[in-house]
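Read through the structure below, which is laid out as structure tokens, and then see the notes.
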Amino acid sequence: MSDRNARNRAPQRRPDPVRRVAYQVIRQVTGEGGYANLALNKALREARLGGRDAAFCTELVHGTLRWQGTYDAFLKRCVSRPLADLDPELLDVLRLGAHQLLNMRVDSYAAVDEMVTLTRSELGQKRTGLVNAVLRKISQRTLDQWISTTAPHPDDDLLGYLAIAEAHPRWVIESFDRALAAGPGAAPAGEAANELERLLVADNEPPRVTLVARPGLADVDELVAAGATPARWSPYGAVLDGGGDPGRIEAVATGRAGVQDEGSQLVAVALASAKVDGDDAHWLDLCAGPGGKSALLAALVQDGELTAVEPLKHRAELVRQNLRAIHGNHKVLVGDGTKPTWPAGSFDRVLADVPCSGLGALRRRPEARWRRTPEDVEELRPLQEALLDSAITSVRPGGVVAYVTCSPHPDETRAVVDAVLGRRGDATLDDARPLFPGVPHLGAGPDVQLWPHLHGTDAMYLALIRRS
């Protein structure tokens, strides 16, 4: 047998299983519209990856998706035809390779070799030549060098530069810039550009796992004993340092505690802490799924009950699961919050955590920044106004409504509040800042905008509205 024939018949090396899992998760997200966190968790369980392998796989997936738009800008300079003409599965291989070369401590030769092997296994031998050639071109420059040769100069086009350097679509950066310049927590004059860059940098940092001890069922000390550290602002929060599976903590496994961003906790606690006159036994969560805020509110209501409303049956079931350990006669209704089935003025406190673009949670949803569009914000606006209007109608005179979004986009926050209150004469804005004791950088009020770079939370927005 000739040496050539022996080489042709030699068994080919198998792809690295961790990279293969990462690639398959990325394909689910970009090709099938999946959600990175759900697809990744399922894949890690099925592949039985843990420890360093799970951490490496997580960074491959989240990092590639987070920096997708920036890598595409680089790849355009390395591929002889438009990226739109490449097969999507091939483009995902190139993005995955670019992330290892530019943003991870992976040896260049190993990164290219592993991606060629993965390509051969997943896409066939014919694609390996292009992958090898393109990734070798990518490896010839550092991330900073690619940015300097691809992005516009910041003096000429700051937002265009940041779009490449910090991996955010320009329209998202423009909305953040507007919110920082004019909204709650606005930066002092002359510091806006630095403030914007700090926000984008923080938005690219993976969030820590934050837990909530549900009052009456668990406390922060129990979570600390299980390996967490107290949160900075929330009296019920704790941070699981070093990541890990929160389900291993007994309080989380039994529903006495949960996983909930600190900003999400703070807006729920603010609503529960606002002063109301008279009765205070009937609370409403108008847009409850998946139920994290519902569970905290249900644990906080004293000698009363929470009614949680969710239009989708499967999300309503998630709410029920979150409420399973909470004492009291709490209700979960499947229904449309814009069409109440209860009499007007039935509730003392109402939470309207409305559907939104989710631009405030890009840290934990890396694919969302490239999936969302400005049209999504426009299309959600009528629903947001209708839900807030319904919430105000549902609360009694003297009661309070918390209008909440996980987005700092001005068209989803103060613009919605101003539009609804402008049509009604029976509701006014309260100053919400005193309801966040010890939390700095809350701006001029009366509403509150939290920020990743200032508070370490998702960019949660709260307007506190009192029915007059």
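The values are calculated or read from the model by the stated rules, or taken from the named source; none is laboratory data. Keep in mind it's a predicted model, so treat the numbers as computed, not measured. Please note: Cβ atoms are built from the backbone with ideal geometry, for glycine as well, and neighbour counts cover all protein chains shown. Accessible surface is based on the protein model in full, side chains and every heavy atom, while ligands, DNA and RNA are left aside. Shrake-Rupley method; radii C 1.70, N 1.55, O 1.52, S 1.80 Å.
One table, with the values for the structure above:
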{"read-out": "Helix-only mean residue ellipticity at 222 nm for the chain, each DSSP H run of n ≥ 4 adding -39500 (n - 2.57), per residue, nearest 500", "value": "-14000 deg cm²/dmol"}
{"read-out": "Share antiparallel - DSSP beta bridges, the chain, percent rounded to 5", "value": "55"}
{"read-out": "Per residue value of the accessible surface for the range 122-187 (all protein chains in place, 1.4 Å probe), Å²", "value": "48"}
{"read-out": "Order of exposure, largest accessible area first, which applies to Lys126, Lys275, Lys293, Lys331 with probe 1.4 Å", "value": "Lys126, Lys275, Lys331, Lys293"}
{"read-out": "Percent accessible area from carbon and sulfur atoms, the range 404-445, protein chains only, probe 1.4 Å", "value": "52"}
{"read-out": "Zone residues, the range 343-372, relative to His441, backbone N less than 16 Å from point 7 Å out along Cα-to-Cβ", "value": "360-363"}
{"read-out": "[x] -0.78, -0.87, -1.15; [y] -0.79, -0.93, -1.34; [z] -0.87, -0.96, -1.25, with the label sought being that of the calculated log10 I(q)/I(0) by the Debye sum over Cα atoms at q = 0.10, 0.11, 0.14 Å⁻¹", "value": "[y]"}
{"read-out": "Å² of accessible area per residue within the range 47-118, as computed with a 1.4 Å probe and no ligands counted", "value": "43"}
{"read-out": "The range 79-170: relative contact order as a whole-number percent, Cα under 8 Å and 6+ apart", "value": "21"}
{"read-out": "Length released on extending from Asp221 to Asp53, taking residue separation times 0.36 nm less the Cα-Cα span", "value": "57.4 nm"}
{"read-out": "In sequence order, calculated HN-Hα J values of the range 271-285 (Karplus, 6.51, -1.76, 1.60; Hz; x Gly/Pro)", "value": "4, 5, 8, 5, 6, 10, 8, x, 4, 8, 10, 10, 10, 10, 10"}
{"read-out": "Mean Cβ neighbour count within 10 Å, used as a protection proxy, ranking 345-354, 132-141 highest first", "value": "345-354, 132-141"}
{"read-out": "Residues whose placed amide H lies under 5 Å from that of Asp285, excluding near-sequence neighbours", "value": "Thr307, Ala308, Val309, Leu351"}
{"read-out": "Length added when fully stretched, Thr149-Asp245, from 0.36 nm per residue minus Cα-Cα", "value": "30.5 nm"}
{"read-out": "Where the range 200-328 is the region considered: accessible area per residue in Å², 1.4 Å probe", "value": "41"}
{"read-out": "Inter-label distance for Gln321 and Asp157, nm, one decimal - labels placed 7 Å from Cα along Cα-to-Cβ", "value": "4.5"}
{"read-out": "Peptide ranges 319-328, 73-82, 91-100 listed from the most packed, as the mean C-beta count within 10 angstrom indicates", "value": "91-100, 319-328, 73-82"}
{"read-out": "Rounded percent of accessible protein surface that carbon and sulfur make up, the range 53-138, 1.4 Å probe", "value": "46"}
{"read-out": "Extension gain, Arg170 back to Asp85 (0.36 nm per residue minus Cα-Cα distance, nm)", "value": "28.3 nm"}
